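A quick write-up on the structure given underneath.
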Amino acid sequence: MLLMQSTDFSKGRVWRNIVAQSIPLVLAQLVQLLYNVVDRIYIGHLPGTDSLALTGIGLAFPLTTLIAAFTFLFGTGGTPLFSIARGAREEERAEKILGNTCSLLFCASILLLLFCSIFCRPILYLFGASDDSYQYAEAYLRIYLLGTTFSMLSTGLNGFINAQGFPRTGMMTTLLGAVLNLILDPVFMFGMNMGIEGAALATVLSQSVSCIWVLKFLTGKKALLRIKKVHLKIERKLAGEITALGMPGFIMQGTNCLVQAVCNATLKSYGGDLYIGIMTVINSAREILSLPVSGITNAAQPVLGYNYGAEEYERVRQGIRFMGITGIIYTLLAWLLVVLSPHLLLSVFTEDTAMMETGAEALRLYFFGYFFMAFQFTGQSAFTALGYSRQAIFFSLLRKAVIVVPLTILLPKLGAGVNGVFLAEPVSNAAGGLACFITMYFVLYRKLKKASLK
């Protein structure tokens, strides 16, 4: 009975199911975030590097984000299909989805490792590296890329643990690795005097532990549905379904990669290495502040997908409402924190006086009207959870590729200077977020109401 209550999302209050999923998921994502954020904190306080070490990490962002994009392509594509199949009691299909996702992640990781290793130098200079900052970016990436397979498998497959109703186990996936990362970072960076290379090595070793944990659970007896050898052979049709549904997540991360590259190149032209370092800190702050609302919407996806598969349409509507309301409240509070305490957020990552003073105004500009992001998160998650891949893809492209990238290039040229780079984000949050949410309301939410009355 307890097992059924923990895995059958059509029972109990919808908001409680989402919260039950989201609390350990947020903790897991927080721990996952520590892999990179803790590195940046230590790197920002390395003696004798000023802001150049953080600038080097910022230059590496587009490539690490590219890896995350392919992880999302298969991970966020397979998990909703898996949840829908579980809700419809199609266990054979669910296990095929899990096996195919595992194989797709593995093959993509090998190709990405080769691509990024071969073209690292020209890409970094294209994305805004100077001779001074390149040495830090290259030193970090040379080691970090060795953990590509570990990273993609652990992150991409962890959603299948949560989708089976084991969020605590999913949380342990990243908890184990992050604790190890916290321990190894100071040992390698300061104790063994490895500097930025030590941060990368600690991350790779930590990711390998997380990967082993995920694979052990999903092939073991505790999992309801498992990775089986017979399902590892990639089926073209199923791979197409996974890829189509994962495309919104891929585009969101892929366009993040594009935005980061364009921002770095523009900042190099209008502000230099200092402003690339500031953007690195801002991206880190955004990742931290976005975590709770991202956790709620991600945790809601298997709940929405399960109820949609079980034809419990009113419960799906309840879940969408809960996502929207909690998201707006939280992002308003996060915005207030940025307005009141920008120096506090910056001080976590750097002691550099120039970066602190210049970065405070940039941080306020970047987060202006931050609550509009809640509309994007809610609409995007609803579309993805219920299999509306075309709409999810369109609004992923709209906010980043259609709005942010052009504004990042144009606003500095129109007189805003370096501030134009930071202003592009709030404009895209408002325009893209509202467009996504309003469309979701008319195309999906109202349609669910009619279906629930039949």
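The values are calculated or read from the model by the stated rules, or taken from the named source; none is laboratory data. What you see is a predicted model; the values in this text were computed from it and never measured. With ideal geometry, Cβ positions are generated from the backbone for all residues, glycine too; neighbour counts draw on all protein chains shown. Accessible surface is based on the protein model in full, side chains and every heavy atom, while ligands, DNA and RNA are left aside. Shrake-Rupley method; radii C 1.70, N 1.55, O 1.52, S 1.80 Å.
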Potential lengthening between VAL339 and GLU91 on full extension [0.36 nm per residue; Cα-Cα distance subtracted]:
84.4 nm
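Show me 173-186, 10-23 ranked by packing, highest mean number of other Cβ atoms within 10 Å first.
On the way: 173-186: 20.4, 10-23: 18.6.
Taking the mean over residues of other Cβ atoms within 10 Å, the ranking is 173-186, 10-23.
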What is the Cα centroid distance between the stretch 178-194 and the stretch 324-387, reported in whole angstrom?
29
Using Cα-Cα distances under 8 Å and only pairs 6 or more residues apart, what relative contact order does the chain have, in percent?
24
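Could you give the C-alpha radius of gyration of the stretch 16-152 expressed as a fraction of 2.2 N^0.38 Å, taking N as the number of residues it contains?
1.29
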Would you mind putting 99-107, 327-335 in packing order, based on average other-beta-carbon counts within 10 Å, highest first?
99-107, 327-335
Treating only the Cβ atoms of Lys and Arg (+1) and Asp and Glu (-1) as charged, compute the dipole magnitude of the chain about its Cα centre; round to the nearest 20 debye.
2240
With point charges of +1 on the Cβ of Lys and Arg and -1 on the Cβ of Asp and Glu, referenced to the Cα centre of the chain, which listed residue (LEU363, CYS436, LEU33) lies farthest in the positive direction of the dipole?
CYS436
What are the principal axis extents of the Cα atoms in the stretch 43-99, in Å, biggest first?
59, 17, 15
In whole percent, what relative contact order does the stretch 156-304 give with Cα contacts below 8 Å and a gap of six or more residues?
16
Alpha-carbon Debye profile of the stretch 370-454, log10 I(q)/I(0) at 0.16, 0.21, 0.22 Å⁻¹
-0.63, -0.89, -0.95
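As an exercise, take the mean of 1/r over every pair of distinct alpha carbons in the stretch 117-177, invert it, and state the Kirkwood radius in angstroms.
One decimal place: 13.9 Å for the Kirkwood radius.
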Please state the Cα pair-distance histogram of the chain with 20 angstrom bins from zero: what percent is in each bin?
26, 59, 15, 0
For the stretch 200-256, the charge dipole (Cβ of Lys, Arg +1; Cβ of Asp, Glu -1; about the Cα centre) points to a positive end, and the Cα of VAL230, GLY249, CYS211 closest to that extreme belongs to VAL230
Extended-chain gain in nm, criterion 0.36 nm per residue less alpha-carbon gap, LYS413 and LEU205:
70.5 nm
For the chain, the longest principal axis of the Cα atoms and the Cα long axis of helix 148-163 enclose an angle in degrees, to the nearest 10, of 40
Can you give the calculated 222 nm mean residue ellipticity of the chain, where each DSSP H run of n ≥ 4 adds -39,500 (n - 2.57) and the sum is split over every residue, rounded to the nearest 500 deg cm²/dmol?
-27000 deg cm²/dmol
Towards the positive end of the charge dipole of the chain, with charges on Cβ (+1 Lys, Arg; -1 Asp, Glu), say which of LEU333, SER389, CYS263 has the farthest Cα.
SER389
Just the ratio, please: alpha-carbon radius of gyration of the stretch 164-286 over 2.2 N^0.38 Å, N its number of residues.
1.44
At R0 = 41 Å, how high is the FRET efficiency between ILE288 and VAL187 if r is their beta carbon distance? Nearest 0.05 is fine.
0.95
Which whole-number percentage describes the relative contact order of the stretch 315-430, with Cα contacts under 8 Å and a sequence gap of 6 or more?
29
Using the Cα centre as the reference, give the magnitude of the dipole from point charges on the C-beta atoms of the stretch 327-454 (Lys, Arg: +1; Asp, Glu: -1; all else neutral), rounded to the nearest 20 debye.
1160
Which residues does a label at SER117 reach in the stretch 131-168, if reach means a backbone N under 14 Å from a point 7 Å past the Cα toward the Cβ?
141-150
What size of dipole, in debye to the nearest 20, comes out for the stretch 47-104 about its Cα centre when the only charges are +1 on Lys and Arg C-beta atoms and -1 on Asp and Glu C-beta atoms?
140
For LYS233, LYS221, what's the largest-to-smallest order of accessible area, 1.4 Å probe?
LYS221, LYS233
In terms of solvent-accessible area of protein heavy atoms at a 1.4 angstrom probe, what is the ranking of LEU63, LEU126, highest value first?
LEU126, LEU63
